[in-house]
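To keep things clear, I will list the structure first and then write my remarks on it.
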Amino acid sequence: MKDAISGIKGIFGGKSNSYSEEYAKGRQMAIDQLKHEAEKIEANAIVGTSVHYNQFINSDIMLIIVTASGTAVSVQ
């Protein structure tokens, strides 16, 4: 049902809050994982951070893939 409503909103130029929330959650998860990986190598900052989004859609499901990348550094 959420997909159908979002599709209708997209046709008429509306914003789907359900998809926006999912993108925001995915973004936060990707950034948290980036921070975790930086902490493992004792870095205290991440520079050049970027976040990318991809969608994979088939007849039954839509997957949202969120990736975050950056360079872990130690700033003194």
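Protein-only accessible surface at a 1.4 angstrom probe places the residues Tyr19, Tyr53 in the order Tyr53, Tyr19, largest first. Using only Cα coordinates, the Kirkwood hydrodynamic radius of the stretch 11-76 works out to 13.7 Å.
The values are calculated or read from the model by the stated rules, or taken from the named source; none is laboratory data. Note that the structure is predicted; figures quoted are calculated from it, not measured. Ligands, DNA and RNA are stripped out before the accessible areas are found, and what is left, the full protein with its side chains, is counted by its heavy atoms. Shrake-Rupley method; radii C 1.70, N 1.55, O 1.52, S 1.80 Å.
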